[in-house]
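Only one structure is covered here, and it is reproduced in the block below.
Read-outs throughout are calculated quantities, based only on the coordinates presented, and are distinct from any laboratory measurement. None of the values given here were measured: they were computed from a predicted structure. With ideal geometry, Cβ positions are generated from the backbone for all residues, glycine too; neighbour counts draw on all protein chains shown.
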Amino acid sequence: MRKWPAAGLLGTIALGCGCSRNPSVLLDPAGPHAQATGWLFWLFIAVATVVWVIVVGLLLVLMLRSRARGGVVAPPAHPVVSTEGRLRLIVGGSVFATFLILTGLIVASFTVDRDLIALDRQPSLDVELTGHQWWWELRYPGATPGETFTTANELHVPVGETIRLRLRSVDVIHSVWLPNIAGKRDVLPGVDRELVFRVDKAGTWHGRCAEFCGLQHAFMGLTLIADDPQAFKAWQEAQRAPAREPQTDEERFGRDVFVSGPCGLCHVIRGTDAAGHSSSAPDLTHLKSRTTIGAGAAPNTKGYLGGWIVDPHAIKPGVHMPTNLQSPREFQALLSYLETLQ
């Protein structure tokens, strides 16, 4: 009787996991790579279920037959010819069925791999994805240097076009995983790798680093936003533009605080004296166009942004960004200026 509460608890946990609101699951594919992988997943589940039902069914039949005979019957000293023949038939049939099942699964896996390789040809957009502890740098190369721009932690792509991510890491091993879109791909220091995918419907999906990379591995999120081609082009044009000029004295003072203070030593804002490229901290030119800060550690609101500036370790312990000691006036001016970076 004591087994029933444990079984009920396990069932409740399983139902709770099935009701998760996390949209980043393989079972909700948004592209052909995840769809093909999902089909293979369900095929394996179906085959394994059928085999399990057959085995359990045979076991129950044997148990019922043994019970009907009044218990276990001792085997005869010499096997009966008919019984030996049936055993050979059962064993031979089981081996043959196992061979057919494994061959079928191998063929299915090969077919899916071949189809995915065919989808990877002729990408229409290249994006450079660099893993850092603990954030993602995204660089969109353009035809000219003026058309190239860099952002962080949010990957925008056009719907229906094949995208090639060029993967690299500057510190440790990371792994990019977009469950709704494609499978995992390791991001290795000193090794250039690629991940090719396509998104077939507009929406927002959440990826993550799938390889333990240090203290804040859990807060190394990657948000994928798939827009229709026109919306994606509009986003590209907005990202290519330099930062908006400050409109008030406080905003102008905040820009001066950023450029002359510790922020400008690591971060970049195009269109200011802190322009260029940084390999140690995210580009902040269009900071407020992103939905989160700290690679998903907190929402990108004024309050959390202020807390992040003053003490980022309170939000993301171990992050490489240092605390900032500023006067109240400098802090408020800096925060006002950063809020304009749409």
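Residue separation of Leu265 and Arg65 scaled by 0.36 nm, minus their Cα-Cα distance, works out to 64.0 nm of gained length. With θ taken as phi - 60° and the Karplus curve 6.51 cos²θ - 1.76 cosθ + 1.60 applied, the whole-hertz 3J(HN,Hα) list for segment 251-268 is 5, 5, 5, x, 5, 4, 4, 5, 5, 8, x, x, 4, x, 6, 10, 8, 10 Hz, x standing for glycine and proline. Listed by chain and number, the lysines whose alpha-carbon sits under 19 Å from that of Lys302, ignoring those within fewer than 8 places in the same chain, are Lys288, Lys316.
A simple rule links phi to the HN-Hα coupling: the Karplus curve 6.51 cos²θ - 1.76 cosθ + 1.60 with θ = phi - 60°, which for segment 85-95 gives x, 5, 4, 4, 5, 5, 5, x, x, 5, 5 Hz, with x for Gly and Pro.
How many percent of DSSP beta bridges within the chain run antiparallel, rounded to 5? Present the calculation step by step, with values, prior to reporting the outcome.
Details: 29 of 43 bridges.
Expressed as a percentage, antiparallel bridges in the chain total about 65.
In this simple spin-label model, placing a label point 7 Å from the Cα along the Cα-to-Cβ direction at both Thr248 and Asp273 gives a separation of 2.3 nm.
Annotation for segment 187-237 versus segment 120-141: alpha-carbon center distance of 8 Å. Taking a cut-off of 17 Å between Cα atoms, list the lysines near Lys201, but don't count ones fewer than 8 places away on the same chain. Excluding near neighbours in sequence, the set is Lys233.
Note on Ile106 and Lys201: their simple-model spin labels are 3.6 nm apart, each label 7 Å out from Cα toward Cβ.
When DSSP beta bridges are restricted to pairs lying wholly in segment 125-240, around 70% turn out antiparallel.
Across the options Thr151, Val191, Phe212, the greatest Cα extent toward the positive end of the charge dipole of segment 125-240 (unit charges at beta carbon of Lys, Arg, Asp, Glu) belongs to Phe212. Out of Ile45, Leu60, Val310, whose Cα points farthest toward the positive end of the dipole of the chain (charges: +1 Lys, Arg; -1 Asp, Glu; placed on Cβ)? So the residue furthest toward the plus end is Leu60. Taking amide hydrogens as placed 1.01 Å from N in the peptide plane, the amide H of His132 sits under 5 Å from those of Glu137, each at least 5 positions away in sequence or on another chain. Among Thr130, Asn324, Ile117, whose Cα lies farthest out toward the positive end of the dipole of the chain, if unit charges sit on the beta carbon of Lys, Arg (+1) and Asp, Glu (-1)? Going by the Cα projections, it comes out as Ile117. Give the label of the value calculated from the structure for Rg and Dmax of the Cα atoms in Å, choosing from (1) 19.5, 62; (2) 20.2, 71; (3) 28.5, 103. After the calculation, the listed value that fits is (3).
A protection proxy built from the mean count of other Cβ atoms within 10 Å ranks the segments 86-96, 323-333, 106-116, most packed first, as 323-333, 106-116, 86-96. From zero outward in steps of 10 Å, how is the percent of C-alpha pairs of segment 125-240 spread across the bins? Computed distribution, short to long bins: 14, 49, 31, 6. Sequentially through segment 113-121, phi angles give Karplus couplings (6.51, -1.76, 1.60; θ = phi - 60°) of 4, 5, 5, 5, 4, 5, 6, 7, 7 Hz, Gly and Pro residues having no value and appearing as x.
Amide H contacts for His206 (H built 1.01 Å from N in the peptide plane; partners 5 or more residues away or on another chain; cut-off under 5 Å): Ser24, Leu224.
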